[in-house]
Amino acid sequence: MIPRSPKLLPAALALASALTIGTTQAYTLEEFTFEDPSQTANFRDLIGELRCLVCQNESLAGSQASVAQDLRNEVYRMMQEGKTRDEVVDFLVARYGDFVLYDPPIKPSTYILWFGPFLFLALGGFLLMRAIQRKKAEPEQDLSDAERARLQQLLADTAVTNKKD
Amino acid sequence: MNTSASRALIPLGIFLALAALLFYGLQLDPRKIPSPLVDKPAPDFRLESLKDPSRTMTKDVLLGQVSLVNVWASWCPSCRQEHGELMRIARRNKDIQFVGFNWKDSRPEALQMLKQFGDPYALSIYDPDNRSGIDWGVYGAPETFIVDAEGIIRHKHVGPIDAQVWEQEIRPIVEQYQAKKS
């Protein structure tokens, strides 16, 4: 998707940034108002970070699934009641599981998810180091006696030829 | 020569292992999300009976016998699809309490569907606004919960129940908890 014409590049960049902003500030059909504007921002952030279970690649903020609307209303209600962000997240995780989080928590069942890449990186590094060291340690291929004699002969011949010049 | 040949096969082996892993991943259904409520007490609720608005039902209706709580709605095609199978199962298994959890539906349409296709449920609870559905972690219909005699959720099945799901997945668990009760 690299634009062929350089003229298109700024347009592509503008589109890319518009799309990025679009995901973080997704619109909702309902109007949610808080007395405190910072709370509105918190609400928007939170529903942007929760995953809709019906359309799994949409956030709660972006999804128009009916269940997502219900959950937005529930999150709104809880925040109006003064519940903290952690309380809202715990409420949803207790009912729907870690799947509502885009960022899965670090716990035994997700260790391979979080640490697997580093494990593979370490394994790859180890194999690379070993391959390099093995190559270094390998002795130069020694010449046989016959080859050595022939080499001496060739060197001697060259020396003679050079002298002649 | 021999060792280097077998060494050359290592990438192929890794590739095959990775391909097998990814192929297995393709068989999994991402819509089937394990419920954190399994092996926990069923969430409490206070909901009207579908058939009798004046009657309120609570979690108490689930106590005392193994129940199948089936989340359904008249607007849900897969619910219609599984309805016939539920009728068959209910007819043959009088010892299981079938509870219909009518979800995000309208009462007249729900009642109409039961009238038209038959009513497999011993009890029907009515949750038009997803009030208790959220507590039960419902995110679609149909979903079916197995609740034991102590009111603890023992299993959740997402999607329609067919003969195979019943025989291989649900029935063994139901029988296990029925045996435990007696």
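For the reader, a short list of remarks on this structure follows.
- Within segment B:1-31, the set of residues being outside any helix (DSSP H, G or I) and more than 30 Å from A:Phe99 (Cβ to Cβ) comprises B:Met1 only.
Residue-by-condition table, conditions (1) among the hydroxyl-bearing types (Ser, Thr, Tyr); (2) in contact (Cβ under 8 Å) with a residue 40 or more places away in the chain; (3) within 29 Å of A:Arg51 (Cα to Cα):
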site	(1), (2), (3)
B:Ser4	yes, no, no
B:Pro11	no, no, no
B:Ala17	no, no, no
B:Ala20	no, no, yes
B:Leu28	no, no, yes
B:Ser35	yes, yes, yes
B:Lys40	no, yes, yes
B:Pro43	no, yes, yes
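- In segment B:122-147, the residue that is nearest to the chain's Cα centre (by Cα) out of those that are of a type in the set (Asp, Glu) and at the interface with chain A (Cβ under 9 Å from one of its Cβ atoms) is B:Asp135.
- Number of residues in segment B:33-72 that are basic (Lys, Arg), outside any loop (DSSP other than H, G, I, E, B) and under 18 Å from B:Glu150 (Cβ atoms) equals 1.
- Search result, residues across segment A:65-82 that are surrounded by fewer than 15 Cβ atoms within 10 Å (Cβ to Cβ) and either more than 13 Å from chain B (Cβ to nearest Cβ) or touching a residue at least 60 places away in the same chain (Cβ under 8 Å) (or both): A:Gln80, A:Glu81, A:Gly82
- Test: residue in segment A:75-95 that is of a type in the set (Asp, Glu) and not in a helix (DSSP H, G or I): yes
- A:Asp142 more than 13 Å from chain B (Cβ to nearest Cβ), charged (D, E, K, R), in a helix (DSSP H, G or I) and loosely packed, with under 11 Cβ neighbours inside 10 Å: no
- Scoring A:Gly62 on the criteria (1) loosely packed, with under 14 Cβ neighbours inside 10 Å; (2) away from every other protein chain (no Cβ under 14 Å); (3) modelled with pLDDT under 90 leaves a single failure, condition (1).
- Out of A:Tyr111, A:Tyr102, sole residue that is surrounded by 10 or more Cβ atoms within 10 Å (Cβ to Cβ) and touching a Ser or Thr at 6+ places or on another chain (Cβ under 9 Å): A:Tyr102
- In segment A:106-120, the condition of being in contact (Cβ under 8 Å) with a residue 40 or more places away in the chain and either basic (Lys, Arg) or outside any loop (DSSP other than H, G, I, E, B) (or both) is met by no residue.
- If you go through segment B:112-162 and keep only what is in contact with a strand residue (DSSP E or B) (Cβ under 9 Å, 6 or more places away or on another chain), part of a helix (DSSP H, G or I) and more than 29 Å from A:Cys55 (Cβ to Cβ), you end up with just B:Leu114.
- Set side by side, the residues A:Arg134, A:Arg130 differ, and just one is modelled with pLDDT of 90 or more and not small (Gly, Ala, Ser), which is A:Arg130.
- Residue match in segment B:98-107 (condition: surrounded by 17 or more Cβ atoms within 10 Å (Cβ to Cβ), over 14 Å from the mean Cα position of the chain (by Cα) and under 23 Å from B:Leu50 (Cα atoms)): yes
- Some residue of segment B:155-170 being over 12 Å from the mean Cα position of the chain (by Cα) and either crowded, with 17+ Cβ neighbours inside 10 Å or within 14 Å of another protein chain (Cβ to nearest Cβ) (or both): no
- Selected residue (criterion: farthest from B:Lys32 (Cα to Cα)) from residues of segment A:37-57 that are within 14 Å of chain B (Cβ to nearest Cβ) and surrounded by 17 or more Cβ atoms within 10 Å (Cβ to Cβ): A:Leu50
- Residue match in segment B:6-25 (condition: closer than 18 Å to B:Ser124 by Cβ and surrounded by 10 or more Cβ atoms within 10 Å (Cβ to Cβ)): no
- Boolean, B:Ile96 is within 28 Å of A:Gly97 (Cβ to Cβ), touching a residue at least 60 places away in the same chain (Cβ under 8 Å), more than 14 Å from chain A (Cβ to nearest Cβ) and in contact with a helix residue (DSSP H, G or I) (Cβ under 8 Å, 6 or more places away or on another chain): yes
- Every residue from segment A:83-101 that is among the β-branched types (Val, Ile, Thr) and away from chain B (no Cβ under 11 Å): A:Thr84, A:Val88, A:Val89
- Residues in segment B:29-84 that are within 14 Å of another protein chain (Cβ to nearest Cβ) and of a type in the set (Asp, Glu) were compared, and the one that is farthest from the chain's Cα centre (by Cα) is B:Asp44.
The values are calculated or read from the model by the stated rules, or taken from the named source; none is laboratory data. Just so it is clear, the structure is predicted and the values come from calculations on it, not from any experiment. Note that we place each Cβ from the backbone using ideal geometry, even for glycine, and neighbour counts take in every protein chain shown.
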